[in-house]
Amino acid sequence: MKSTKPKKISGKQYLVVASMIFALFFGAGNLIFPLHLGQLAGKNWLLASTGFLLTGVVLPLLSLLAIAITRSNGIYHLSLPVGSGFALIFMTLTQLTLGPLFAAPRNATVSYTVGIAPLLPKQFQDIGLIIFTIIFFVIVFAIAYNESDILSSLGKILNPIFLILLFLVFVVAFAKPLGNPSSAHVTGVYAHRALISGFLEGYNTMDALAGLAFGVTVVTSIKELVNNDELETAKVTAKSGFIAVLGIGLIYCLLIILGAMSLGHFKIAADGGVLLSEIVTYYAGIFGQALLAMLIFLACLTTAVGVVAAFALDFHSHYPKLSYHAWLAIACVGSLATANLGLVQIIKWSLPILMFLYPIAIVLIVLALLSPFFKNDHVVYKVAIFLTLIPAIFDLIVNLPAPLANTNFVKAVANWRMTYLPLANVGLSWLVPTLIGLVLGIVLHIWRRKKEKI
């Protein structure tokens, strides 16, 4: 029931909600992508960071607003206007991506790559990864199995410490820069289309998907604060979300600049995790590296517990033949197996999945935000999503890594995509079909309403 009188919340409560949103969208793993982006973009870091902030910051905030406006209780419910079958498949793929396939194992490999691997001799790093990931996911399973809030409480202490350490790195790095970002070398596509490349790089944060999947927790907390008033919930979500994304955006920009400056001393790293370790060791030595290792391990552990628990809860809800604990075990074993592919391989294989899921997520967010104007008409949803699905499937196929990328089938799909889909050459083949779908869906909605009145 909606309260007749919404409760106004204080400035302190706004900050509390903002910190919740910050914690949802910014994990230790989010450090690696802006750093790597900075190295690739070089002197074009400003354009690249603008694109990155659109998908890495603005879109996640809009995903929270979409949950608030539609009063959804999760990603399945948000997708339901397209159809129950689509909603189930999209929820499944999203939770697999955030759970055992990519996000959870990435947390393990990031904490190993940044914190542990630099402390080991090179010949022991492969076996070290196996041992580390086994320990990591045994701990994750134990905490999530008992549904303990110890790690969550610990996270409230760890986050400030982690951010203070990061702030110190920024202070030292900008006081004694490794190089000049305005003259740093530009790599590959960032020389000609830094904005779009930064936009696509933002997919790797997976934060828009996380906002759709887990944002209901934040929105529910806000509803309790404002006596379930829907308009006030949307306002508080927007205001506190804006505070949170300002902080996240600032950190992303500083990391991107730091990545560009690092080219004055380091070569382009295989991933941002390696670069972060190199930078911290350069400035703080082995002590700084050891402290970073501990904090990132605990921060990544917190995130991993959250995503595997959410995966198990959602899968148990929609596939109830297996218990929560059974799905949790599957998530942890699957994450353990994926983690041992290594961080570079995880990022490489996650790209085609994200190129498929992100356009759909973007369209769902836009549709949810616009839904009051077309009365949540299912036709608008179905037409827009259908015309987005086609190029999204092509994007998935053409971004498959080697050896699949070299097959005749993938090459044929790539040629067809480049020939018939506008903007395919910049990775936005979905944009024009999606806009056509939105316009067509709204036109059909208006026509149907006029017909009903006759």
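The values are calculated or read from the model by the stated rules, or taken from the named source; none is laboratory data. It should be emphasised that the depicted structure is a prediction, and the values quoted were computed from it without experimental measurement. All Cβ positions, glycine included, derive from the backbone under ideal geometry; neighbour counts span all protein chains shown. Surface accessibility is based on the protein's heavy atoms, side chains included, excluding ligands, DNA and RNA. Shrake-Rupley method; radii C 1.70, N 1.55, O 1.52, S 1.80 Å.
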From the option list Leu40, Leu35, Leu59, Leu47, single residue qualifying as open to solvent by 50 Å² or more (accessible area, probe 1.4 Å), aliphatic (A, V, I, L, M), modelled with pLDDT of 90 or more and not assigned by the TED database to the domain that holds Pro359 is Leu47
Filtering region 407-420 down to residues that are open to solvent by less than 40 Å² (accessible area, probe 1.4 Å) and charged (D, E, K, R) yields Arg417
Scanning region 332-353 residue by residue, those outside any helix (DSSP H, G or I) and surrounded by 17 or more Cβ atoms within 10 Å (Cβ to Cβ) turn out to be Asn340, Gly342
Requested in this report: Kindly indicate whether any position in region 304-326 is assigned by the TED database to the domain that holds Leu31 and within 16 Å of Tyr112 (Cβ to Cβ).
Outcome: yes
Subset of region 85-126, residues more than 24 Å from Gly273 (Cβ to Cβ) and open to solvent by 10 Å² or more (accessible area, probe 1.4 Å), comes to Gly85, Phe86, Leu88, Ile89, Thr92, Leu93
Exactly one of Leu444, Leu387, Leu404, Leu435 is modelled with pLDDT of 95 or more and open to solvent by less than 80 Å² (accessible area, probe 1.4 Å), and that residue is Leu387
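Test of understanding: among Ala238, Ala329, which residue is open to solvent by 10 Å² or more (accessible area, probe 1.4 Å), among the hydrophobic types (A, V, I, L, M, F, W, C) and out of contact with any Phe, Trp or Tyr (no Cβ under 8 Å at 6 or more places or on another chain)?
Ala238
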Open item on the list: Within region 9-19, does at least one residue satisfy the condition of being crowded, with 19+ Cβ neighbours inside 10 Å and either under 28 Å from Ser317 (Cβ atoms) or under 12 Å from the mean Cα position of the chain (by Cα) (or both)?
Closed with: yes
Review point. Do we have any residue at all in region 309-321 that's farther than 20 Å from Phe199 by Cα, buried (at least 23 other Cβ atoms within 10 Å of the Cβ) and at pLDDT 95 or above?
Key: no
Leu225 meets each of (1) open to solvent by less than 40 Å² (accessible area, probe 1.4 Å); (2) within 24 Å of Thr70 (Cα to Cα) with one exception, condition (1)
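Could you tell me which of the residues Phe356, Phe394, Phe374 is assigned to a loop (DSSP other than H, G, I, E, B) and open to solvent by less than 50 Å² (accessible area, probe 1.4 Å)? Before the answer, list the steps.
Numbers: Phe356 fails: assigned to a loop (DSSP other than H, G, I, E, B); Phe394 fails: assigned to a loop (DSSP other than H, G, I, E, B).
Phe374 is the lone residue from the list that is assigned to a loop (DSSP other than H, G, I, E, B) and open to solvent by less than 50 Å² (accessible area, probe 1.4 Å).
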Checked region 241-269 for anything open to solvent by less than 20 Å² (accessible area, probe 1.4 Å) and not in a helix (DSSP H, G or I); matches are Ala269
Those residues of region 270-284 that are among the small types (Gly, Ala, Ser) and not in a helix (DSSP H, G or I) come to a total of 1
- Message: of a type outside the set (A, V, I, L, M, F, W, C), over 19 Å from Tyr203 (Cα atoms) and modelled with pLDDT of 90 or more: is that true of Ser79 in this structure?
- Response: yes
